[in-house]
Amino acid sequence: MDRYAVIGNPVAHSKSPFIQSRFAEQTEQSMRYDTCLAPLGEFERSARDFFREAAGANVTVPFKEDAFRLADQLTERARRAGAVNTLKKLDDGLLLGDNTDGAGLVRDLTVNAGLSLTDKRILILGAGGAVRGVLEPILAERPAALVIANRTELKAVQLAREFASLGTIEAAAFSLHAEPFDLIINGTAASLAGELPPISAQLLRPGITVTYDMMYGKEPTPFCGWSLQQGAAQALDGLGMLVEQAAESFYLWRGIRPDSAPVLAALRQLLAAV
Ligand code: ATR
């Protein structure tokens, strides 16, 4: 039986074992998926220990940059993201590092929500690791414009500069005034503190603009709640991204694409019940 785990700190409440076990059942893969708590500052030792027996791992907060450094080989999207959320042991024992977060977000938007990003005006809030991880897959959809707005504007400027060769990308502060956007993605950690990035409601066109919060919870996040008050056509949360990034990892490890829809529905029910 091939072994996998999500390595993080804290990790006990991770939904990954639930998701990956269902994917394994559904596709009849003989595998086991656990959580692995790595002490802070000891990611490398924990990961090397785990990989003596294991075939693959997901990596979560706060170790995605450590996993990036540990990987012997990187996919292009992981190299761009500067972070690794999926490790796979190759036949020669070397570790391949991938980042499936952006692909998970794009798949949730395009397949699950049925939206096209091509030629759309997209605003993304935040300029931390979560946003860096999704820029390449979003730009690959060829939006008409992608604006990164951040509390600390300089970080948005630096990020936009780094990705400029991949498409039309601009930086701004939260105070920006612009034509309304078709899609506004919240990639800040503001929801964790129950806060809202202070952007103008005029950036959202009632009945047209879709909003997406990379965070999720039992209740609508502050950003989803605000968007609906402003008349957003839809306000999506990040639970679908979580399941889709897991499906991408599973595909990298097992070469089979699981059906994410029933797993997302089960996870939504589980979240409502707690
Ligand atoms: P992550 O891996 O979640 O992206 P990070 O790299 O620490 O974590 O980045 C956090 C992001 O959320 C940053 O864009 C941060 O803004 P700053 O660059 O100005 O620090 C943003 N952020 C965190 N708390 C926020 C809040 N209360 N309001 C708005 N933005 C916030």
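The values are calculated or read from the model by the stated rules, or taken from the named source; none is laboratory data. These numbers come from a predicted model, not from an experiment. Note that we place each Cβ from the backbone using ideal geometry, even for glycine, and neighbour counts take in every protein chain shown.
What about PRO262, is it touching a helix residue (DSSP H, G or I) at 6+ places or on another chain (Cβ under 8 Å) and part of a helix (DSSP H, G or I)? Spelling it out, PRO262 is indeed touching a helix residue (DSSP H, G or I) at 6+ places or on another chain (Cβ under 8 Å) and part of a helix (DSSP H, G or I).
Candidates ASP49, ASP66, ASP92: the one that is over 20 Å from MET241 (Cα atoms), free of Cβ contacts under 8 Å to residues at least 24 places away in the same chain and in contact with a Phe, Trp or Tyr (Cβ under 7 Å, 6 or more places away or on another chain) is ASP66. If you go through segment 248-268 and keep only what is aliphatic (A, V, I, L, M) and over 18 Å from GLY97 (Cβ atoms), you end up with ILE256, ALA261, VAL263, LEU264, ALA265, ALA266, LEU267. Among the residues of segment 1-44, those identified as hydrophobic (A, V, I, L, M, F, W, C), touching a residue at least 40 places away in the same chain (Cβ under 8 Å) and more than 13 Å from ARG254 (Cβ to Cβ) are ALA5, VAL6, ILE7, VAL11, PHE18, ILE19. Residues in segment 191-218 that are assigned to a loop (DSSP other than H, G, I, E, B) and either within 10 Å of the ligand (Cβ to nearest atom) or touching a residue at least 40 places away in the same chain (Cβ under 8 Å) (or both): GLY194, GLU195, LEU196, PRO197, PRO198, ILE199, MET214, MET215, TYR216, GLY217, LYS218. Scoring GLY41 on the criteria (1) under 23 Å from the mean Cα position of the chain (by Cα); (2) on the phi > 0 side of the Ramachandran plot; (3) not charged (D, E, K, R) leaves a single failure, condition (1). Does any residue of segment 161-178 turn out to be touching a Gly at 6+ places or on another chain (Cβ under 9 Å) and away from the ligand (no atom under 15 Å from the Cβ)? No, segment 161-178 contains no residue that is touching a Gly at 6+ places or on another chain (Cβ under 9 Å) and away from the ligand (no atom under 15 Å from the Cβ).
Do we have any residue at all in segment 91-110 that's assigned to a loop (DSSP other than H, G, I, E, B), within 16 Å of the ligand (Cβ to nearest atom) and closer than 30 Å to TRP253 by Cα? Looking through segment 91-110, at least one residue is assigned to a loop (DSSP other than H, G, I, E, B), within 16 Å of the ligand (Cβ to nearest atom) and closer than 30 Å to TRP253 by Cα.
Conditions tested, residue by residue: (1) within 21 Å of the chain's Cα centre (by Cα); (2) over 20 Å from PRO197 (Cβ atoms).
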position: ARG132; (1), (2): yes, no
position: LEU135; (1), (2): yes, no
position: LEU139; (1), (2): yes, yes
position: ALA144; (1), (2): no, yes
position: ARG151; (1), (2): yes, no
position: ALA172; (1), (2): no, no
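Report whether or not GLY128 is under 24 Å from THR211 (Cβ atoms) and either acidic (Asp, Glu) or within 11 Å of the chain's Cα centre (by Cα) (or both). So GLY128 fails the test.
So that you can scan it fast, the table gives a plain yes or no per residue for (1) within 20 Å of GLU170 (Cβ to Cβ); (2) basic (Lys, Arg); (3) touching a residue at least 24 places away in the same chain (Cβ under 8 Å):
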| residue | (1), (2), (3) |
| --- | --- |
| ASN58 | no, no, yes |
| ARG79 | no, yes, no |
| ARG107 | no, yes, yes |
| THR118 | yes, no, yes |
| ALA127 | yes, no, yes |
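Checking every residue in segment 219-226 against the condition of being exposed (fewer than 14 other Cβ atoms within 10 Å of the Cβ), closer than 27 Å to ALA261 by Cα and in contact (Cβ under 8 Å) with a residue 24 or more places away in the chain gives zero matches. Among the residues of segment 50-76, those that are part of a helix (DSSP H, G or I), within 16 Å of the ligand (Cβ to nearest atom) and buried (at least 18 other Cβ atoms within 10 Å of the Cβ) comprise LYS64, ASP66, ALA67, PHE68. Scanning segment 132-179 for residues that are charged (D, E, K, R) and at negative phi yields ARG132, GLU136, GLU141, ARG151, GLU153, LYS155, ARG161, GLU162, GLU170, GLU179. Figure legend. Inter-residue proximity from segment 152-181: first residues more than 13 Å from ILE124 (Cβ to Cβ), second residues within 16 Å of the ligand (Cβ to nearest atom) and part of a helix (DSSP H, G or I), beta-carbon distance below 6 Å, spacing 6+ or different chains. Indicated pairs: ALA173/GLU153; PRO180/LEU203.
For the condition crowded, with 20+ Cβ neighbours inside 10 Å, within 10 Å of the ligand (Cβ to nearest atom), assigned to a strand (DSSP E or B) and at pLDDT 95 or above, what is the one hit in ALA149, ALA156, ALA127?
Working: ALA156 fails: assigned to a strand (DSSP E or B); ALA127 fails: assigned to a strand (DSSP E or B).
Going through ALA149, ALA156, ALA127 in turn, just one is crowded, with 20+ Cβ neighbours inside 10 Å, within 10 Å of the ligand (Cβ to nearest atom), assigned to a strand (DSSP E or B) and at pLDDT 95 or above: ALA149.
For the structure I just gave you, tell me whether GLY231 is in a loop (DSSP other than H, G, I, E, B), small (Gly, Ala, Ser) and away from the ligand (no atom under 16 Å from the Cβ). Considered against the rule, which asks whether it is in a loop (DSSP other than H, G, I, E, B), small (Gly, Ala, Ser) and away from the ligand (no atom under 16 Å from the Cβ), GLY231 comes out as yes.
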